[in-house]
Amino acid sequence: MHRLHSVAGVFVAPLLVISALSGFVYAFAPTPENVVYHDAITASSSEAPQPLEEQVEAARSVHPDLQLSAVQNFEDPTQTTRVLFNDPALENSSYRQAVFVAPGSLEITGELVQYGSSRALPLRTWISEGHRQLWLGEYGRIYSEMAASWLGILALAGAWVWWVRWRVGKGSATGSRKGSTAHAKRKKTRSIHSILGVWLLPGFLFLTVTGLTWSSMAGGNIPNLRAQLDWVQPTPETSISATTMTATTSAHDEHAHHHHSGHDESSTLAGQDDLTQTYISQIDTVATTARGAGMSGIIEIALPAEEGTAWTVTEMRESWKLANDAISVNGETGEIVDRVHHSDWPLAAKLSAWLIQLHMGTLFGWINQLVLGGIALGLLTIIALGYRMWWLRGRNGRPGRLQAAGQWRRTRPAVLAGIIAFLLVYSVMAPMFGISLVAFLIIDALIQALRR
């Protein structure tokens, strides 16, 4: 474990430095985002809010050619309403065009691309992409997965080394044998390195677990495991019985049928526009039902996924909000079709949502951001101290030798078997770690063979 920690640490540390630096900036991204986009996200008047239908119509004048996706409505009247549109020109469905509408004056205060459920705007999205993939696309995600998967292992290995050294050195006076200045400096450096590592161990493990959920390979394994164990976030049922459908939908069906025989593209577009207009006319009914049902804060009112199904209204994630309910609403009648209380979520699903928000620095506001920033600075300090120890081990301006190979033979068989089993299981969950570990072992074995 000592050799794994020291040798792998030397070569993996540059990735961790990049991750820590980008993570430090990412942790504080929500704050500058509010400053940069203040004019867009802040309502320009204090007038009473107009109906959502009118706000949506104002936004549609900006993107008449795009499909309406959802409306994000704020309880705070000083915040603009975000009307979201699907745009096939964007990278994927996580990106949507957002038009910002002042609720009272119906003024369009801005138009930006919004990303994900965290409502990230371009600046925060750009910082997030840098942290996640170094702006290199899928190839860049290899770096972040390597960094995240090795961070936890190096931290655990370091804690193991510290614990073994503490046990061996407990009560002994061997630490006073070597009195050289270099040795004293190295001992002091090692002490600070170890203390910081032990204190920050929970934070490093937290970043490893949550960071891997965004990775390319491990990120695919984790959702599969959650699905198999029924740890996923439940969603409300949206199907509506045919007997509840009213003449509004029937009229639309008749309109569509009337033009079907010609297969005319313009008639198809007209039918889609009629359906959109029907949905827009229902949005205030849906919003009133949601607020009347106790949904608070920022809510996303999502259009039915397909004709004849219910609207979905979800309480959005925001600082200091630990529970997010969701309901489905029949847009024609205003009746609630289904409701999913946050208390009904599996515990693992709750923990997953909270941990991801913590990693993003959004769960507990600026306190959350300060803690993440502190962990990032702590990691950078630990890495710098680790390299300093390596340098102080050497002579004549050269770094010293790393920990000698073969010390695993001193480990008790039962403990060694447990470590190997853990690494095998972890390698399955985090393939990039397993691949790089095998490569490291092969290269290390070749180097040892050449030396002999």
For residues in the stretch 355-367 being assigned to a helix (DSSP H, G or I) and in contact (Cβ under 8 Å) with a residue 24 or more places away in the chain, which is nearest to L16 (Cα to Cα)?
-> H359
Can you tell me which residue among I383, I442 is at pLDDT 85 or above, surrounded by fewer than 16 Cβ atoms within 10 Å (Cβ to Cβ) and either under 26 Å from V17 (Cα atoms) or touching a Phe, Trp or Tyr at 6+ places or on another chain (Cβ under 9 Å) (or both)?
-> I442
Among the candidates L347, L358, which residue alone is within 28 Å of V12 (Cβ to Cβ) and surrounded by fewer than 18 Cβ atoms within 10 Å (Cβ to Cβ)?
-> L358
Based on what the data block shows, is R167 at pLDDT below 70, among the basic types (K, R) and either touching a His at 6+ places or on another chain (Cβ under 7 Å) or loosely packed, with under 13 Cβ neighbours inside 10 Å (or both)?
-> no
Considering every residue within the stretch 18-39, establish whether at least one is over 30 Å from T208 (Cα atoms), crowded, with 18+ Cβ neighbours inside 10 Å and either in the same structural domain as S328 (by TED's automatic domain parsing) or in contact (Cβ under 8 Å) with a residue 12 or more places away in the chain (or both).
-> yes
Assess whether I327 counts as being surrounded by 17 or more Cβ atoms within 10 Å (Cβ to Cβ), modelled with pLDDT of 95 or more and in contact with a Gly (Cβ under 6 Å, 6 or more places away or on another chain).
-> no
Looking at the stretch 285-294, is at least one residue assigned to a helix (DSSP H, G or I), free of Cβ contacts under 8 Å to residues at least 60 places away in the same chain and under 20 Å from Q67 (Cβ atoms)?
-> yes
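The values are calculated or read from the model by the stated rules, or taken from the named source; none is laboratory data. In this text the structure is predicted, and so the values were computed from the model without any measurement. Cβ atoms come from the backbone with ideal geometry, glycine included; neighbour counts cover every protein chain shown.
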